[in-house]
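The values are calculated or read from the model by the stated rules, or taken from the named source; none is laboratory data. The structure displayed is predicted, hence computed values, not measured ones. Virtual Cβ from ideal backbone geometry, glycine too; neighbours counted across all protein chains shown. Keep in mind that these areas ignore ligands, DNA and RNA; they rest on the heavy atoms of the full protein, side chains included. Shrake-Rupley method; radii C 1.70, N 1.55, O 1.52, S 1.80 Å.
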Amino acid sequence: MTWNKIRPYLMISPAILVFSLFFIYPICYMIYLSMHDWNFVSPEKNFVGTANFTNLVSEKEFIEVMQNTFVYTALTVSLTIIIALILAVWLNKSGTIYGFVQGAIFSPHIISLVSISMLWMWLMDTDYGLLNWFLNLFGLPSVPWLTDPSTSLLSLAIVAIWKGIGFNTLIFIAGLQSIPRDIYEAAALDGTNRIRTFIKLTLPMLSPTLFFLTIIGIINSFQVFETISIMTQGGPINSTNTFVYYIYEYGFRFFKIGYASAAGVILLVIISIFTIMYFRLLARRVHYQ
Amino acid sequence: MNTTIPYKLLNGIGILIVVSIFAFPFVWMISTSFKSLGETMIFPPAWLPESLHWENFTAAWNSGPFLTYFKNSIFVSISILILQFLTIIPAAYAFARYQFKGNKFFFALTMITLMIPAQLIFLPVYLQFSAWGLLDTLWALILPFASSAFGIFLLRQSFKQVPEELLEAARLDGASEWKIILKIMIPIAKPVLITFGLFSFITHWNDYFWPLVMTTSDVTRTLPLGIAKLREVEGGVAWHILMAGNMILVIPILIVFFFAQRQIIRAFVYTGIK
């Protein structure tokens with residue numbers, strides 16, 4: 001029957017239409033634009049080949065943007081994972097108290113980044129902020145968190161770490177709980193101490209989780225925008241300007257569409273590499289569940 | 001082991017410190033939102049306001065068309081959710097249960113979409129909407145998210161686990177494919193649908209980036225943008241008003257989180273993205 005043959009296509013067509021119009025086609029269009037010079041208003045799009053790319057990578061501002069993005073990502077991902085791992089090993093217990101603690105550390109994850117950004121701007125206020133009050137309490141001098149180029153990127157990383165720890169901790173706890181109990185009993189019988197058990201046993205068993213969190217951490221950090229847009233606008237002196245914010249500014253403030261698209265294509269390549277790794281892992285995780 | 005009194009005490013103090021690091025900023029937000037302007041400009045800070053300044057909330061609410069923002073936020077989040085359910089359920093069913101030419105190709109296309117974040121394609125999508133004359137409309141906020149690759153991926157997994165015999169029996173009884181979806185598939189996949197629904201709603205309720213890019217006028221803007229605009233008041237930042245405004249955005253989510261903590265954590269942890 002022909003109806004049976006058409007039906008599957010009808011069922012997937014609305015979704016496929018949305019994906020084609022708003023994801024697949026735009027990606028192709030962005031690659032096309034990256035090879036053109038266009039200011040958004042002019043009717044002409046001049047083909048310039050790879051000029052946008054070569055200009056981009058030789059530009060001081062863009063190199064700074066790349067550096068900022070890499071430093072931010074390295075700081076955020078490594079610190080989040082280390083702290084979350086420690087918390088997970090400690091808080092991986094049952095009981096009302098531990099359930100409450102897990103909920104509390106997770107709560108920033110579901111709050112809008114707008115509120116998170118504003119709350120931390122207030123906490124990091126140089127004159128009246130709670131963070132500096134806390135430092136002064138221990139006799140330490142006030143820190144100009146967001147207003148000094150030497151601390152601004154780190155301050156944004158702190159916010160991201162604070163927001164991300166809960167999610168990472170809960171994923172680690174899920175990973176810990178999937179390790180079979182009897183392995184530990186065997187280790188206990190052998191008289192292995194706790195630190196050795198952790199390094200020799202827990203850590204290797206957690207390595208898929210560790211790898212998974214590293215990859216999605218990197219992908220997410222590369223896309224950071226909201227905190228920068230609200231807290232620093234890329235400043236002071238370009239110290240917190242990162243990839244997506246740069247594309248946004250070049251597209252919407254300077255109307256250099258070709259330039260912004262070329263930066264987008266570079267970001268696409270970087271994200272694709274990590275996403276392919278992520279998918280390999282996701283397929284494995286689902287398989288195990 | 002480890003039940004000695006010093007250990008318990010140390011453990012308790014540790015837990016208190018950890019909870020404070022994550023909960024105290026919110027407590028500080030609440031406390032600030034009830035302060036007077038003067039009380040936000042004392043150092044060392046005042047822990048609690050002398051009296052509760054409820055007028056901060058009305059000041060924040062009246063500083064812009066917040067009713068419009070609020071309505072837009074609700075309308076956009078709910079519309080996206082409904083459209084997503086309408087598009088992902090049949091697609092996931094077709095991918096899970098039918099053999100058809102191009103099945104692998106279209107599923108690969110769906111999976112490629114999953115790897116493309118909004119932060120990457122906003123510029124070409126913006127130009128597209130501009131060509132269609134749909135910029136600065138609610139369409140531009142809803143249409144790109146009318147389906148979800150991630151939802152299809154999740155739902156396909158759970159549809160696949162339904163035994164084929166069950167479907168065969170239903171077909172023998174004369175049930176149509178739509179009836180099978182409604183009466184068998186959806187009830188079985190209900191936990192996954194709820195999980196996905198919570199994830200989707202919270203994500204789009206909180207979203208700042210997409211509406212920032214696609215809208216320019218107050219008529220189409222959503223709550224997160226309205227709140228972000230509170231910064232731009234003349235005469236410096238008024239922290240008490242700002243925090244009061246943010247409470248409007250945060251409190252609904254925290255209330256939902258309080259009642260559905262388990263489901264929400266599952267939604268975000270097992271969905272794994274963001």
> Can you give the angle from 0 to 90° between the axis of helix B:5-33 and the longest principal axis of chain B, with both taken from C-alpha atoms, to the nearest 10?
Replying inline: 80 degrees
> Counting each DSSP H run of 4 or more residues in chain A as -39500 (n - 2.57), what helix-only mean residue ellipticity at 222 nm follows after dividing by all residues, to the nearest 500 deg cm²/dmol?
Replying inline: -22500 deg cm²/dmol
> Using the alpha-carbon atoms, what tilt in degrees (0 to 90, nearest 10) does helix B:103-114 show relative to the longest principal axis of chain B?
Replying inline: 10 degrees
> Against the longest alpha carbon principal axis of chain B, how many degrees, from 0 to 90 and to the nearest 10, is the axis of helix B:190-206 turned?
Replying inline: 40 degrees
> How big is the A-B contact in terms of buried accessible area, both chains counted, 1.4 Å probe, rounded to the nearest 100 Å²?
Replying inline: 8400 Å²
>> Please report, ordered by residue number, every helix of chain A (full DSSP H runs) that is 24 Å or longer along its axis going by C-alpha atoms and whose mean Kyte-Doolittle hydropathy reaches -0.5.
In response: A:2-19, A:60-91, A:152-177, A:203-222, A:257-288
> According to the Kirkwood expression over distinct Cα-Cα pairs, how big is the hydrodynamic radius of region A:59-288, in Å?
Replying inline: 19.8 Å
>> Need one number: the % of Cα-Cα pairs in region B:1-48 sitting beyond the 15 Å mark.
In response: 59 percent
> Whole number please: convex hull volume per residue of the Cα set in chain B, in Å³?
Replying inline: 212 Å³
>> Please compute the Kirkwood hydrodynamic radius over the protein assembly as shown, one decimal place, Å, based on all pairs of different Cα atoms.
In response: 25.7 Å
>> Given a 1.4 angstrom probe, what's the average accessible area per residue across chain B, in square angstrom?
In response: 47 Å²
> With each label point set 7 Å from Cα along the Cα-Cβ vector, what nm distance links B:Ala23 and A:Asn238?
Replying inline: 4.5 nm
>> How would region A:21-84 be classified by its alpha-carbon gyration tensor: rounded, prolate or oblate, with rounded meaning a/c under 1.5 and the a/b versus b/c comparison settling the rest?
In response: oblate
>> Give the lysines whose C-alpha is closer than 28 Å to that of A:Lys200, dropping any in the same chain fewer than 8 places away, or say none.
In response: A:Lys93, B:Lys8
>> Relative to 2.2 N^0.38 Å, what does the C-alpha radius of gyration of region A:85-171 come to as a ratio? Two decimals please.
In response: 1.27
> Is region B:19-87 best put as rounded, prolate or oblate by its Cα gyration tensor, with a ≥ b ≥ c the root eigenvalues, rounded for a/c under 1.5, and otherwise prolate when a/b is larger than b/c, oblate when not?
Replying inline: oblate
> For region A:100-145, taking Cα atoms only, what is the radius of gyration to one decimal and the Dmax to the nearest whole Å?
Replying inline: 13.2, 35
> Accessible surface of B:His204 in the full protein assembly, 1.4 angstrom probe, to the nearest 10 Å²?
Replying inline: 40 Å²
> Between B:Lys229 and B:Lys190, how many nm apart are label points set 7 Å from Cα along the C-beta direction?
Replying inline: 4.2 nm
>> Checking the a/c ratio against 1.5 first, then a/b against b/c, what shape does the Cα gyration tensor give for region B:44-181?
In response: prolate
